[in-house]
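The values are calculated or read from the model by the stated rules, or taken from the named source; none is laboratory data. Everything numeric here is computed off the predicted structure, so don't read it as measured data. Backbone-built Cβ (ideal geometry, glycine too); neighbour counts: all protein chains shown. Surface accessibility is based on the protein's heavy atoms, side chains included, excluding ligands, DNA and RNA. Shrake-Rupley method; radii C 1.70, N 1.55, O 1.52, S 1.80 Å.
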Amino acid sequence: MPQYSWAGHAFAQYGSPKYPKDFLYFDFVNPQAPQGGTLTLANPDRRTSFDKFNPYTLRGVAAPGISGLLFESLAIGSADETSTIYGLIADDMTLSSDHLSMTFHIRSEAKFSDGSPVLASDVKYSFDTLMSKLAHPSFRNVFADFKQVVVLSDRLVRFDFKSRTGEAPLLAGTMPIFSPKWGMKPDGTKTPFDQLAFENPIGSGPYIIDSYQTGRNIIFKKNPNYWGKNLNVRVGNFNFDRIVYKLFSDDTVRLEAFKAGEFDAIVEYRAKLWAKSYVGRKFDQGLLVKKEFEHHNGAGMQGFAMNTRKELFKDPRVRQALGLALDFEWLNRQIFYSQYKRLDSYFSNSLLGANYEMNSVPSGEELKLLKSLQQKYPGEIPPTVFGPMPSAVSTAPPSSLRANLLKAKELLAQAGWTYRDGALRNAAGQAFEFEMLEDSPFLLRILTAYIRNLEKLGIKANVRTTDNALYQQRLNEHDFEMTTIRYQDSQSPGNELWDRFGSEAATQKGTDNQIGVRLRSVDDLIAMITRAEERENLYIATKALDRILIHNYFVVPHWYNPTHRISYNTQLGVPKPPLYYTAEAWIIGNWWRDTSTSSQKESR
């Protein structure tokens, strides 16, 4: 039987919501957190500039913070449970008995930043816009199971689904909502959604834009008329009066600016800098600290992705050989200061992955599912899928880099590539050469070591580093041969998998299917995952998907850290971290500023 559970104020895809209707606040917040002050942050990701405010379109680079601070949804998730949402703009939600529609009642107090009420028609407008060609194409994949949104009254709106799917109610609840007045000009004309640049966004979130310098910084201020500040789901959240983003030209400049006190907190992703560079006068004086915070997030997948649209990478034996040339143990020892663990799954550090148990082999319902897919789609399921999940490539004794390269050489020979005339060549004499596209120089040391090993096989890899805007444009066009991808994991994966691995997404611009996966068996598994009504069925499908992806060797897996490395100003108050969280969102959402001596300690 399905395990959906809803009680008006909440909806749980599996089991029951943790918090009752009359709960006062989430357990992971500090309800007495001081309000006020300014939080100053730097580039939260690879972007070094911005040219628009609209985060929902394909063209251009949006300013940081826009989607999380200015726009809200009918409901929001809880960071200490999975697959559960609680009412935000909506104060009641009802799933139909056939599970093919979800109805939301909008709070009477919900308002946009211009003071106008949030109405059911605004919800429909937001959905229709996101599903149109004016918005980023990923939304059409995410909401692929949605049929329509129907306005029942001013404050009652219904989402209709094409099929019974467990994730659809969650997606409906967390869809961003914006006003149709966004982009309206004084003369009554309106800027098309895909052409919105620096037109002031109209959302219902706790902040509004105060000022900005194009491409350099943006300042948000708390909306003094924010409608939701007293809601239980907002208590202890968004405690700063102002949030400032300063964008720096590169990572080195950013770190030096932090140490000079130009901003308050930084999340560090590079092991060497974490080990060596977080020192100096302000650290000695206790004004800055660095700390590792444990999390329970799945690790997802990060790695060197091969674009299988290119003829060079169509043979899985070639892709497997390229993976054998990466010496993680050397990198971890010489560059990473032994801070990382190797990824061996698309769902590492999670019960969703087939490698959660070492050397696992498919059995029971999972084995039955894989055999049915093998029969349904001949040639798509590698025979190795029915054996143990491969351990991550290792050079630790008794293995060695030399042994791995010899195996790679054999695989390449089987695929028609042999060494002659000073290079690895195919039967036509074409040399094995490709471009590695990156947008940041911090991977260069890693790439240099990897390229050195590829050269031992006769392979030439050329690194091309470009600015983030051009890099993103090339990714949108799928115009690359190899690049670094990062797929964040979810405790409850769903429609985002269509965008990452779905066959249709492989042919669309702007999707996350950089690899170019086009397997009908994968499409079937994604459909099963998005429609799973019991967590046991979810695990069966995700493990089967993991096996197929891993055994196709689409990516040379990287590594992960089971902690968030954060350095911060000691004037910031820090609550106990929740179970599942991203570091940047946690800082913005749950931290606070308090200059009193007693509060410069971490909250216990």
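Answer yes or no as to whether Y580 is open to solvent by 30 Å² or more (accessible area, probe 1.4 Å), in contact with an Asp or Glu (Cβ under 9 Å, 6 or more places away or on another chain) and of a type in the set (S, T, Y). Answer is yes for this residue. Residues in segment 152-178 that are closer than 30 Å to E534 by Cα and either part of a loop (DSSP other than H, G, I, E, B) or among the β-branched types (V, I, T) (or both): V157, K162, S163, R164, T165, G166, E167, T174, M175, P176, I177.
The lone criterion from (1) in contact with an Asp or Glu (Cβ under 7 Å, 6 or more places away or on another chain); (2) within 29 Å of L95 (Cα to Cα) left unmet by S567 is number (2).
Residues of segment 97-108 include at least one that is open to solvent by 60 Å² or more (accessible area, probe 1.4 Å), modelled with pLDDT of 95 or more, small (G, A, S) and part of a loop (DSSP other than H, G, I, E, B). For segment 371-380, the criterion of being assigned to a strand (DSSP E or B) and closer than 27 Å to L475 by Cα is met by no residue. One residue is enough: does segment 319-336 have a residue meeting the conditions open to solvent by 40 Å² or more (accessible area, probe 1.4 Å) and modelled with pLDDT under 95? Checked against the condition, which is being open to solvent by 40 Å² or more (accessible area, probe 1.4 Å) and modelled with pLDDT under 95, segment 319-336 yields at least one hit. Taking the conditions (1) open to solvent by 10 Å² or more (accessible area, probe 1.4 Å); (2) in contact with a strand residue (DSSP E or B) (Cβ under 8 Å, 6 or more places away or on another chain) in turn, G203 satisfies each one other than (1).
Of the residues making up segment 16-41, just one is free of Cβ contacts under 8 Å to residues at least 24 places away in the same chain and over 19 Å from N230 (Cβ atoms), namely S16. Quick check, is L58 open to solvent by less than 30 Å² (accessible area, probe 1.4 Å) and either at pLDDT below 95 or not in a loop (DSSP other than H, G, I, E, B) (or both)? So L58 does not fit the description; no.
Return a yes/no flag: does segment 62-74 have any residue that is open to solvent by 40 Å² or more (accessible area, probe 1.4 Å), assigned to a loop (DSSP other than H, G, I, E, B), touching an Asp or Glu at 6+ places or on another chain (Cβ under 9 Å) and closer than 30 Å to E477 by Cβ. No, segment 62-74 contains no residue that is open to solvent by 40 Å² or more (accessible area, probe 1.4 Å), assigned to a loop (DSSP other than H, G, I, E, B), touching an Asp or Glu at 6+ places or on another chain (Cβ under 9 Å) and closer than 30 Å to E477 by Cβ.
Taken over segment 109-129, the criterion of being more than 29 Å from the chain's Cα centre (by Cα), in a loop (DSSP other than H, G, I, E, B) and not acidic (D, E) is satisfied by G115, S116, L119. Restricting the search to helices (runs of 4 or more DSSP H) fully inside segment 438-542 and requiring at least 3 residues that are open to solvent by 30 Å² or more (accessible area, probe 1.4 Å) and closer than 25 Å to R164 by Cα gives 496-501, 520-531. The residue that is surrounded by the fewest Cβ atoms within 10 Å (Cβ to Cβ), among those in segment 549-576 that are of a type outside the set (G, A, S) and over 28 Å from L443 (Cβ atoms), is K576. In this entry, P398 is excluded by the filter for residues that are modelled with pLDDT under 95, surrounded by 15 or more Cβ atoms within 10 Å (Cβ to Cβ) and either more than 18 Å from D489 (Cβ to Cβ) or of a type in the set (K, R) (or both).
Is there a residue in segment 84-93 that is polar (S, T, N, Q) and surrounded by fewer than 21 Cβ atoms within 10 Å (Cβ to Cβ)? Taking every residue of segment 84-93 in turn, none turns out to be polar (S, T, N, Q) and surrounded by fewer than 21 Cβ atoms within 10 Å (Cβ to Cβ).
Residues of segment 184-213 that are of a type in the set (A, V, I, L, M) and either part of a helix (DSSP H, G or I) or over 14 Å from F71 (Cβ atoms) (or both): M184, A197.
When you check K181 against the structure, is it open to solvent by 10 Å² or more (accessible area, probe 1.4 Å) and either closer than 27 Å to K509 by Cα or part of a helix (DSSP H, G or I) (or both), yes or no? So K181 does not fit the description; no.
Based on this model, can you work out whether M389 counts as in a strand (DSSP E or B) and either on the phi < 0 side of the Ramachandran plot or open to solvent by less than 70 Å² (accessible area, probe 1.4 Å) (or both)? Against the criterion (in a strand (DSSP E or B) and either on the phi < 0 side of the Ramachandran plot or open to solvent by less than 70 Å² (accessible area, probe 1.4 Å) (or both)), M389 does not qualify. Condition test on I566, is it modelled with pLDDT of 95 or more, out of contact with any helix residue (DSSP H, G or I) (no Cβ under 7 Å at 6 or more places or on another chain) and not polar (S, T, N, Q)? Judged against the criteria, I566 is not a match.
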